[in-house]
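Asks: Sharing a structure with you now.
The values are calculated or read from the model by the stated rules, or taken from the named source; none is laboratory data. In this text, all values refer to a predicted model and were calculated from it rather than measured experimentally. Virtual Cβ from ideal backbone geometry, glycine too; neighbours counted across all protein chains shown.
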C-alpha cells in the first residue's frame, strides 16, 4: 500500500463561523483506493499559500510511501531543509496529512484509530465548549456582558456540560504581553462570579487569555480570578516565554494550561521541565499529528500533567482529538464547538455522538467519520483573511476592550 494522491479542501463555515474563518482538510488516496481525511490547523500564511505547502510536503516527503511509516515521514518533514527544529507551517501541513494516514490505516485494518494507538482507555470523553451567543443574544454585546455569559452557562449546564470556557480579558493583540486595564480585570472577575453563581458545583470554569499579558499583569489577573476557583488559566503570557509562564504558575493557585500554538514535543517538553504548565493543550492538526501528540501526552504523564486537546477548527481535527483522547490515561477533557457544531456535524454526517457533556468514542474504522466532500466543495473560502487574526492597536486604557470570540463568519 502506497500513498498516491492528494486533494485539499479549503472550507469557509457559514456565519457565525465558530471554529475560524476557514478550515483546511486533506484527502489522501492509496494505490489500492483507500481514502483518508485529515485537517491542518496552521494559519500563519494564507490558504492558497498553505495549499502549496501541503502539496510540497506531501510530494516531497510522503507520496509513494507506505502510510504505516509515520515516524519516517515525520522525520523527513521535521528535518526538511537541514532544519531539525519545529516549523509551524511545515509541521502544520504534515499534521493534517499524518492524521489522514491514520484514517487510512484504520480503514485498511477495519479498526478505529485508537485501537492502533494503544487501545481504548476512555469509552466516553468529557468535553467542554466556549460560551457562544445564544439565539436572541446580541453578538457584539455578548463578549463583555457577564449577565449574558451566565445565561449561556446556565443553558450549557442544562445540556449537560461540566465545563465551559470564556475569554473576556481584553484585546487580542500582536504586541508583546501587556498590563491589563483595571476595567479588564474587573470584567474578568465579574464574568467568573456570574458564571460561578449559575454553575455552582456543576461546572468547571476555564479562563482563556490567548497569551495577552506581561508576567506581572498575568499574576494580577490571576489573583482576581482565584476566589472563583477556575480549573485553568489558559496561556497567560505569550507562548514562547517559558520562564515567564513558569513564574505565573508559581504565583497562582489556578493551574496553567497552554499548547494550542505549540508544535512537536520539542516545544512542549521544556514547559514540563520548567513546571510552567499543569495542563497541555496540543492541537492534533498543528502539533505534528496523532503519533506526535501521543508522545507529548507521554511526556506529560511522566510530569503528572494532564492533556486537554485544543479545538478551534473543523470536525476532522475534532475527530482526531477524540481518537487520541480515547487512549490517554492522563486525559482531562477535549474541546468541542458547542455540542459538536452545526456545520461541523453536517460535514461529517453526524457520525460522532455528543450526549450529556461527553463524546462517545467512535468504533467505526479509521477516524470513525463520514466526510461530506460535496458539502465541503459547496462552501469554498476565497476571502482575504487568515483563520484568526490579531489587532495591531494596543490595549485601550480609556475605552472598553473587546475580544469577539475568535472569528465570526465575516472578513474584516
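Asks: Answer with yes or no whether residue 73 is over 30 Å from residue 390 (Cβ atoms), touching a helix residue (DSSP H, G or I) at 6+ places or on another chain (Cβ under 9 Å) and in a helix (DSSP H, G or I). Quick ask: steps written out before the conclusion?
Replies: On the way: over 30 Å from residue 390 (Cβ atoms): yes; touching a helix residue (DSSP H, G or I) at 6+ places or on another chain (Cβ under 9 Å): yes; in a helix (DSSP H, G or I): yes.
It is true that residue 73 is over 30 Å from residue 390 (Cβ atoms), touching a helix residue (DSSP H, G or I) at 6+ places or on another chain (Cβ under 9 Å) and in a helix (DSSP H, G or I).
Asks: Taking residue 185 and the conditions (1) over 20 Å from the mean Cα position of the chain (by Cα); (2) farther than 20 Å from residue 231 by Cα; (3) surrounded by fewer than 23 Cβ atoms within 10 Å (Cβ to Cβ), which numbered condition does it fall short on, given that it satisfies the others?
Replies: It fails just one condition, (2).
Asks: Of the numbered conditions (1) on the phi > 0 side of the Ramachandran plot; (2) touching a strand residue (DSSP E or B) at 6+ places or on another chain (Cβ under 6 Å), residue 366 fails exactly one; give the number of that condition.
Replies: Going through the list (1) on the phi > 0 side of the Ramachandran plot; (2) touching a strand residue (DSSP E or B) at 6+ places or on another chain (Cβ under 6 Å), residue 366 breaks only (2).
Asks: Going by the conditions given, is residue 366 touching a helix residue (DSSP H, G or I) at 6+ places or on another chain (Cβ under 8 Å), crowded, with 18+ Cβ neighbours inside 10 Å, over 24 Å from residue 37 (Cβ atoms) and modelled with pLDDT of 95 or more? Working first, answer last.
Replies: Working: touching a helix residue (DSSP H, G or I) at 6+ places or on another chain (Cβ under 8 Å): yes; crowded, with 18+ Cβ neighbours inside 10 Å: yes; over 24 Å from residue 37 (Cβ atoms): no; modelled with pLDDT of 95 or more: yes.
Spelling it out, it is not the case that residue 366 is touching a helix residue (DSSP H, G or I) at 6+ places or on another chain (Cβ under 8 Å), crowded, with 18+ Cβ neighbours inside 10 Å, over 24 Å from residue 37 (Cβ atoms) and modelled with pLDDT of 95 or more.
Asks: For the stretch 83-110, give me the residue count where each residue is over 21 Å from residue 50 (Cα atoms) and surrounded by fewer than 16 Cβ atoms within 10 Å (Cβ to Cβ).
Replies: Looking only at the stretch 83-110, we keep the residues that are over 21 Å from residue 50 (Cα atoms), and these are 102-110.
Filter again for surrounded by fewer than 16 Cβ atoms within 10 Å (Cβ to Cβ), leaving 109-110.
Number satisfying all stated conditions: 2.
Asks: Please count how many residues of the stretch 138-186 are assigned to a loop (DSSP other than H, G, I, E, B) and under 24 Å from residue 389 (Cβ atoms). Full working, then the answer.
Replies: Going residue by residue through the stretch 138-186, those that are assigned to a loop (DSSP other than H, G, I, E, B) are 138-140, 145, 160-162, 167-172, 174-177, 179-181.
Next, from what is left, pick out any that are under 24 Å from residue 389 (Cβ atoms): 138-140, 145, 167-172, 174-177, 179-181.
Going through the stretch 138-186 one residue at a time, the tally reaches 17.
Asks: Shifting gears a bit: What about residue 202, is it assigned to a helix (DSSP H, G or I) and closer than 30 Å to residue 356 by Cα?
Replies: On the way: assigned to a helix (DSSP H, G or I): no; closer than 30 Å to residue 356 by Cα: yes.
Spelling it out, it is not the case that residue 202 is assigned to a helix (DSSP H, G or I) and closer than 30 Å to residue 356 by Cα.
Asks: Now, a different point. Step by step: first the residues of the stretch 300-345, then only those that are assigned to a helix (DSSP H, G or I), over 14 Å from the mean Cα position of the chain (by Cα) and free of Cβ contacts under 8 Å to residues at least 60 places away in the same chain, then the one that is surrounded by the most Cβ atoms within 10 Å (Cβ to Cβ). Which residue is that?
Replies: For the stretch 300-345, the residue satisfying everything is 300.
Asks: Only one of 244, 222, 251 is touching a helix residue (DSSP H, G or I) at 6+ places or on another chain (Cβ under 9 Å) and touching a residue at least 60 places away in the same chain (Cβ under 8 Å); which?
Replies: 244
Asks: Quick check on residue 129: is it assigned to a strand (DSSP E or B) and either under 22 Å from the mean Cα position of the chain (by Cα) or surrounded by fewer than 18 Cβ atoms within 10 Å (Cβ to Cβ) (or both)? Full working, then the answer.
Replies: On the way: assigned to a strand (DSSP E or B): yes; either under 22 Å from the mean Cα position of the chain (by Cα) or surrounded by fewer than 18 Cβ atoms within 10 Å (Cβ to Cβ) (or both): yes.
So residue 129 passes the test.
Asks: To continue, here is another question. Which one is surrounded by the most Cβ atoms within 10 Å (Cβ to Cβ), of the residues in the stretch 1-15 that are over 18 Å from the mean Cα position of the chain (by Cα) and part of a loop (DSSP other than H, G, I, E, B)?
Replies: 1
Asks: Residues of the stretch 376-391 being assigned to a strand (DSSP E or B) and at pLDDT below 95, which ones? Please lay out each step first, then the result.
Replies: Here is the first cut: in the stretch 376-391, the residues assigned to a strand (DSSP E or B) are 380, 391.
Passing the criteria: only 391.
Asks: Please work out which one of (1) farther than 30 Å from residue 53 by Cβ; (2) assigned to a loop (DSSP other than H, G, I, E, B) is the condition residue 196 fails and give its number.
Replies: Failing condition for residue 196: (2).
Asks: Filter the stretch 132-150 down to residues that are without any contact (Cβ under 8 Å) to a residue 40 or more places away in the chain and farther than 16 Å from residue 341 by Cα and give me whichever is surrounded by the fewest Cβ atoms within 10 Å (Cβ to Cβ).
Replies: Applying the filter and picking the extreme gives 136.
Asks: Within the stretch 33-42, is there a residue that is crowded, with 23+ Cβ neighbours inside 10 Å, farther than 24 Å from residue 365 by Cβ and touching a helix residue (DSSP H, G or I) at 6+ places or on another chain (Cβ under 8 Å)?
Replies: Here is the first cut: in the stretch 33-42, the residues crowded, with 23+ Cβ neighbours inside 10 Å are 36-42.
Right, trim to farther than 24 Å from residue 365 by Cβ and you get 42.
When the remaining residues are screened for being touching a helix residue (DSSP H, G or I) at 6+ places or on another chain (Cβ under 8 Å), the result is 42.
There is at least one residue in the stretch 33-42 that is crowded, with 23+ Cβ neighbours inside 10 Å, farther than 24 Å from residue 365 by Cβ and touching a helix residue (DSSP H, G or I) at 6+ places or on another chain (Cβ under 8 Å).
Asks: Every residue in the stretch 225-237 that is surrounded by fewer than 19 Cβ atoms within 10 Å (Cβ to Cβ) and in contact with a helix residue (DSSP H, G or I) (Cβ under 9 Å, 6 or more places away or on another chain), please. Outline the logic, then answer.
Replies: At the first step, the residues of the stretch 225-237 found to be surrounded by fewer than 19 Cβ atoms within 10 Å (Cβ to Cβ) are 226-227, 229.
Passing the criteria: 227, 229.
Asks: Right, next: Report whether or not residue 255 is buried (at least 20 other Cβ atoms within 10 Å of the Cβ) and either under 22 Å from the mean Cα position of the chain (by Cα) or closer than 19 Å to residue 309 by Cβ (or both). Break it down into steps so the answer makes sense when it comes.
Replies: On the way: buried (at least 20 other Cβ atoms within 10 Å of the Cβ): no; either under 22 Å from the mean Cα position of the chain (by Cα) or closer than 19 Å to residue 309 by Cβ (or both): yes.
So residue 255 fails the test.
Asks: Here is a check on your reading of the model: is residue 75 surrounded by fewer than 15 Cβ atoms within 10 Å (Cβ to Cβ), within 16 Å of residue 34 (Cα to Cα) and either touching a strand residue (DSSP E or B) at 6+ places or on another chain (Cβ under 9 Å) or at pLDDT 95 or above (or both)?
Replies: It is false that residue 75 is surrounded by fewer than 15 Cβ atoms within 10 Å (Cβ to Cβ), within 16 Å of residue 34 (Cα to Cα) and either touching a strand residue (DSSP E or B) at 6+ places or on another chain (Cβ under 9 Å) or at pLDDT 95 or above (or both).
Asks: So which residues in the stretch 180-194 are in contact with a strand residue (DSSP E or B) (Cβ under 7 Å, 6 or more places away or on another chain) and in contact (Cβ under 8 Å) with a residue 60 or more places away in the chain?
Replies: Passing the criteria: only 180.
Asks: Next up: Going by the structure shown, is residue 401 over 16 Å from the mean Cα position of the chain (by Cα), more than 26 Å from residue 7 (Cα to Cα), without any contact (Cβ under 8 Å) to a residue 60 or more places away in the chain and in a loop (DSSP other than H, G, I, E, B)?
Replies: Values: over 16 Å from the mean Cα position of the chain (by Cα): yes; more than 26 Å from residue 7 (Cα to Cα): yes; without any contact (Cβ under 8 Å) to a residue 60 or more places away in the chain: no; in a loop (DSSP other than H, G, I, E, B): yes.
So residue 401 fails the test.
Asks: Right, something else. Among the residues of the stretch 76-102, how many are within 30 Å of residue 381 (Cα to Cα), outside any helix (DSSP H, G or I) and touching a residue at least 24 places away in the same chain (Cβ under 8 Å)?
Replies: Of the residues in that region, 2 qualify.
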